[in-house]
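The values are calculated or read from the model by the stated rules, or taken from the named source; none is laboratory data. Keep in mind the model is a prediction, meaning the values are calculated, not measured. Please note: Cβ atoms are built from the backbone with ideal geometry, for glycine as well, and neighbour counts cover all protein chains shown.
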C-alpha cells in the first residue's frame, strides 16, 4: 500500500511539473547571486530556486554592514493556474509596497526575460539577462534606469 501511495504521489508531482512547463525556461536564474556593482558599504543578494511545479521563488535583500536595509520576495509563476491553456506568466514582487506588484512577462528567450507593468510608477519594466556567468538585471521606465550585475556565489 505504501509503495502504491508513493508511486501515485510521484506521478502527480511529475504531471504538475509537465503542466506548467510551458512557462519561461529560466534554469540559468537558479542559485545564490551577489551584486558586484553595489554601493560602497552595501551588499545585495538574490537567491532563486525552481519549484517542483516549474515556478520560481526569489529572495532579494541588501545589507549595510550586518543590517538588512532592503528586502523583497520575488516569484515567477503562471498568472492563473486554474485556467487551462492560459500561458501568461508574471513576475511578482512582494514587500516593497503594501501589496504585491505584478509584472506581466512579455518576452523570454533562453537567457533573458522582460516583465512589464505600465501602471507602476517605477519601474515599469524589469529585464533579467544571463551573460557569461553573470546575471544582469535592469529596472527602468521612460525616464530612469538602474542596472545590477550579479555573480553566482
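I need the full set of residues from the stretch 100-136 which are without any contact (Cβ under 8 Å) to a residue 24 or more places away in the chain, more than 16 Å from residue 79 (Cα to Cα) and surrounded by 15 or more Cβ atoms within 10 Å (Cβ to Cβ), in order please. Selection gives 112, 120, 123, 124, 125, 127, 129, 136. In summary, residue 133 fulfils each of the numbered conditions (1) at negative phi; (2) in contact with a strand residue (DSSP E or B) (Cβ under 9 Å, 6 or more places away or on another chain) with the single exception of condition (1). Restricting the search to strands (runs of 3 or more DSSP E) fully inside the stretch 22-73 and requiring at least 1 residues that are within 20 Å of residue 95 (Cα to Cα) and under 11 Å from the mean Cα position of the chain (by Cα) gives 42-50, 56-64.
Based on what the data block shows, is residue 106 within 24 Å of residue 131 (Cβ to Cβ) and either modelled with pLDDT of 95 or more or more than 14 Å from the chain's Cα centre (by Cα) (or both)? Considered against the rule, which asks whether it is within 24 Å of residue 131 (Cβ to Cβ) and either modelled with pLDDT of 95 or more or more than 14 Å from the chain's Cα centre (by Cα) (or both), residue 106 comes out as yes.
Yes/no per residue for (1) over 28 Å from residue 153 (Cβ atoms); (2) at pLDDT 50 or above; (3) surrounded by 15 or more Cβ atoms within 10 Å (Cβ to Cβ); (4) touching a strand residue (DSSP E or B) at 6+ places or on another chain (Cβ under 7 Å):
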site: 5; (1), (2), (3), (4): yes, no, no, no
site: 14; (1), (2), (3), (4): yes, no, no, no
site: 38; (1), (2), (3), (4): no, yes, yes, yes
site: 43; (1), (2), (3), (4): no, yes, no, yes
site: 50; (1), (2), (3), (4): no, yes, yes, yes
site: 60; (1), (2), (3), (4): no, yes, yes, yes
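Of all the listed residues (110, 147, 97, 85), the sole one being closer than 24 Å to residue 28 by Cα and either in contact with a helix residue (DSSP H, G or I) (Cβ under 7 Å, 6 or more places away or on another chain) or assigned to a loop (DSSP other than H, G, I, E, B) (or both) is 110. Residue check: is residue 20 buried (at least 17 other Cβ atoms within 10 Å of the Cβ) and at pLDDT below 95? Yes: the conditions hold for residue 20.
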